[in-house]
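Written below as structure tokens is the structure these notes are about.
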Amino acid sequence: MTLDTRSFDLNRALPIAPEQLWNIMTDPTHREKWGAPEENMVLTVEKSDLKVGGQDRHRCGPAEAPEFVVETRWYDLTAPTRAVFTETLLIQDNTLCTSLVTYSLVASDEGTQLGVTVAVSSFSGPETLDEFHEGWSGGLDNLERYASQMNKTPKP
């Protein structure tokens, strides 16, 4: 099998402060609400260990059978401005791809400029690269909607 690779950048302008966005992006309860790439899909966090060297594990996929497993290892957590981690995507113990992901959160007058850089290597063919990009793009679209809702939530 060949090794197919791709890098891509995704950017979003979000109407909340970097500190609040950091929490939404790293807290497992929040991640479950925005992380699935499509409306009929779920993301369920099975393990979360948010620290340098820590490992997370979650399932993602159709709500009735989330068959994809994602294993995450954290390498840099510079709250609230940067996170660097790897993700390995598996299905039935077969590794589909591995990626290196960097979050960059920069304060702006309107809230936060979010940059996500992903470098992915697929072990299952080039179509996985497109699907992986679509998954990230859909997840960030959900994050944008979720962050906007959080911004409208009245503070106690």
- Residues in segment 76-85: is at least one among the small types (Gly, Ala, Ser), assigned to a loop (DSSP other than H, G, I, E, B), under 16 Å from Pro18 (Cβ atoms) and open to solvent by 30 Å² or more (accessible area, probe 1.4 Å)? yes
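Which of the following residues is at pLDDT 95 or above, out of contact with any Gly (no Cβ under 8 Å at 6 or more places or on another chain) and within 24 Å of Arg145 (Cα to Cα): Ala79, Ala63, Ala13?
Values: Ala63 fails: at pLDDT 95 or above; Ala13 fails: out of contact with any Gly (no Cβ under 8 Å at 6 or more places or on another chain).
Testing whether each residue is at pLDDT 95 or above, out of contact with any Gly (no Cβ under 8 Å at 6 or more places or on another chain) and within 24 Å of Arg145 (Cα to Cα) leaves just Ala79.
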- Query: Can you find a residue in segment 104-117 that is within 18 Å of Glu131 (Cα to Cα) and surrounded by 15 or more Cβ atoms within 10 Å (Cβ to Cβ)?
  - Reply: yes
- Residue under evaluation Gly53, criteria (1) surrounded by fewer than 18 Cβ atoms within 10 Å (Cβ to Cβ); (2) out of contact with any Lys or Arg (no Cβ under 8 Å at 6 or more places or on another chain); (3) assigned to a loop (DSSP other than H, G, I, E, B), criterion not met: (2)
- Item | Selected residue (only one of Val120, Val70 is touching a residue at least 40 places away in the same chain (Cβ under 8 Å), open to solvent by less than 30 Å² (accessible area, probe 1.4 Å) and assigned to a strand (DSSP E or B)) | Val120
- Task: Output the qualifying pairs, or none if there are none: Cβ atoms under 6 angstrom, residues six or more apart or on different chains, first residue in segment 98-117 and under 15 Å from Trp74 (Cβ atoms), second residue open to solvent by less than 10 Å² (accessible area, probe 1.4 Å) and among the β-branched types (Val, Ile, Thr).
- Result: Ser99/Val118; Ser99/Val120; Val101/Val118; Tyr103/Val116
- Message: Can you find, within segment 1-39, the residue that is surrounded by the most Cβ atoms within 10 Å (Cβ to Cβ) among those that are polar (S, T, N, Q) and in a helix (DSSP H, G or I)?
- Response: Thr26
- Message: Please pick out the residue among Ala79, Ala63 that is hydrophobic (A, V, I, L, M, F, W, C), more than 11 Å from the chain's Cα centre (by Cα) and farther than 23 Å from Ala119 by Cβ.
- Response: Ala63
- Working carefully through the options Thr88, Thr128, find the one that is closer than 17 Å to Ala36 by Cα, open to solvent by 10 Å² or more (accessible area, probe 1.4 Å), touching a Leu at 6+ places or on another chain (Cβ under 7 Å) and not small (Gly, Ala, Ser). Thr128
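The values are calculated or read from the model by the stated rules, or taken from the named source; none is laboratory data. Keep in mind it's a predicted model, so treat the numbers as computed, not measured. Note that each Cβ is placed from the backbone with ideal geometry, even for glycine, and that neighbours are counted across all protein chains shown. What goes into the accessible areas is simple: the full protein's heavy atoms, side chains included, and nothing from ligands, DNA or RNA. Shrake-Rupley method; radii C 1.70, N 1.55, O 1.52, S 1.80 Å.
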